[in-house]
1. Scan the range 198-217 residue by residue and report those that are under 25 Å from Arg138 (Cα atoms), assigned to a loop (DSSP other than H, G, I, E, B) and open to solvent by less than 50 Å² (accessible area, probe 1.4 Å).
2. Can you report the number of residues in the range 48-66 which are farther than 19 Å from His197 by Cβ and either touching a Gly at 6+ places or on another chain (Cβ under 6 Å) or among the aliphatic types (A, V, I, L, M) (or both)?
3. For the range 108-131, state whether one or more residues are charged (D, E, K, R), within 12 Å of the chain's Cα centre (by Cα) and either under 16 Å from Phe45 (Cα atoms) or in a helix (DSSP H, G or I) (or both).
4. In this structure, does Ala162 turn out to be in contact (Cβ under 8 Å) with a residue 60 or more places away in the chain, surrounded by 14 or more Cβ atoms within 10 Å (Cβ to Cβ) and aliphatic (A, V, I, L, M)?
5. Among (1) free of Cβ contacts under 8 Å to residues at least 24 places away in the same chain; (2) open to solvent by less than 20 Å² (accessible area, probe 1.4 Å); (3) hydrophobic (A, V, I, L, M, F, W, C), there is one condition Ala103 misses while meeting the rest; what is its number?
6. Pull up the range 61-73, narrow it to residues that are under 17 Å from the mean Cα position of the chain (by Cα), crowded, with 24+ Cβ neighbours inside 10 Å and of a type outside the set (Gly, Ala, Ser), then point me to the one that is farthest from Glu36 (Cα to Cα).
7. Report, by residue number, each residue of the range 112-147 that is among the small types (Gly, Ala, Ser) and open to solvent by 30 Å² or more (accessible area, probe 1.4 Å).
8. From the list Val195, Val169, Val177, which one is open to solvent by 30 Å² or more (accessible area, probe 1.4 Å), free of Cβ contacts under 8 Å to residues at least 60 places away in the same chain, among the aliphatic types (A, V, I, L, M) and over 28 Å from Asp42 (Cβ atoms)?
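The values are calculated or read from the model by the stated rules, or taken from the named source; none is laboratory data. Please read all numbers here as calculations on a predicted model, not as lab measurements. Note that we place each Cβ from the backbone using ideal geometry, even for glycine, and neighbour counts take in every protein chain shown. The area values use the complete protein model at the heavy-atom level, side chains included, leaving out ligands, DNA and RNA. Shrake-Rupley method; radii C 1.70, N 1.55, O 1.52, S 1.80 Å.
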Amino acid sequence: MRLLSRDEVRSVYDAFGARQDSQGWYEDVPLAELKEHMRFQDAEFVLELGSGTGKLAHEIVTELTPAGTNYLGLDVSPVMVNLARNRLRHCGNAFAVVGDVRAPLPLADGSVSHVVAAYVLDIFSEGDIRSIYREVGRVLRPGGLFGAVSLSTGGNLWSQMASRVWSFVHTMRPQAVGGCRPVELLACVPDGFDVAHSCKKIGGGIPSEVVVARKPR
């Protein structure tokens, strides 16, 4: 299976731009599950990996977290970062910057209370996903939460078929599906995290997996 390189990912999402917001037909149900279990009401500093257009970021900053919560979003696409910055322009403690989530994160050890990655880990190899978890574990404070959502294998017959079709398209032309493909996210959580919540959700016939992991105190 061929995965997209960093440059290919950047090119795909630079071209996709604001159209990413149209994917709520399958993303909204799993994201609602994520938000329910992330305890954003306790957040002090939220890091988002693959912040995209800033749609989720704006909701986190303006609706889900206490006033004054810090937010930092990283995305490899300069186009996406500019869209997120425009969305967050009236949010004083929220910033979006260009960055590769597979690189060492530009934050001190134990400096972040919450980390979010929505439909970004499924772009990477399982080895990269485990490495990202380990780096997140470094920047998370004890008791901090890492919530991730990815495409996944299906639960019922129809979602299993949808997952297989998506995987087939990814095999033929990964750019057509943004480089994302179904993964088993829970299996990629390394030692050093406690799984606080995990489930699979189906939105618009497309299966996704939601995993919320906690760094032990």
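1. Across the range 198-217, the qualifying residue is only Lys215.
2. The qualifying residues number 3.
3. There is at least one residue in the range 108-131 that is charged (D, E, K, R), within 12 Å of the chain's Cα centre (by Cα) and either under 16 Å from Phe45 (Cα atoms) or in a helix (DSSP H, G or I) (or both).
4. For Ala162, the condition - in contact (Cβ under 8 Å) with a residue 60 or more places away in the chain, surrounded by 14 or more Cβ atoms within 10 Å (Cβ to Cβ) and aliphatic (A, V, I, L, M) - is not met.
5. The number of the failed condition is (2).
6. Tyr71
7. Ser125, Gly127, Ser131
8. Val169
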